[in-house]
């Protein structure tokens, strides 16, 4: 995944499912959130973290990534996507991405 610097972006999570112990699965419809971290694990400035994921429909989420994010070109970042709440079931996913200048894409 690439993210353009200085542009408002949308992170989409699609086809998110939860699997029960019996092996059946269903579309996920629990609260979710997003945090962008730099290579040191520090939150990137320019947006309030965590940002809530909007549930568009079961299994389909989105979040706005503000144009003010302090991203540096050609640097790697992690989008930490979290579903559920503590102390109940909670799932965390790390999605690596590279920041790019739009002219480079």
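The values are calculated or read from the model by the stated rules, or taken from the named source; none is laboratory data. Predicted model, so just to flag it, every value in this text is computed and none were measured. Don't worry about glycine lacking a Cβ; one is built from the backbone with ideal geometry, like all the others, and counts go over all protein chains shown.
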Notebook entry, point to check: Do any strands (runs of 3 or more DSSP E) lying entirely in region 14-105 carry at least 3 residues that are within 15 Å of residue 2 (Cβ to Cβ), and which ones are they?
Noted result: 76-84, 90-100
Next item on the list: Would you tally the residues in region 68-90 being modelled with pLDDT of 85 or more and either over 16 Å from residue 50 (Cα atoms) or touching a strand residue (DSSP E or B) at 6+ places or on another chain (Cβ under 7 Å) (or both)?
Entry: 15
Check: Of everything in region 1-13 that's part of a loop (DSSP other than H, G, I, E, B) and out of contact with any helix residue (DSSP H, G or I) (no Cβ under 7 Å at 6 or more places or on another chain), which residue is surrounded by the most Cβ atoms within 10 Å (Cβ to Cβ)?
Finding: 5
Notebook entry, point to check: What tally of residues in region 48-75 results from selecting those that are within 14 Å of the chain's Cα centre (by Cα) and loosely packed, with under 12 Cβ neighbours inside 10 Å?
Noted result: 1
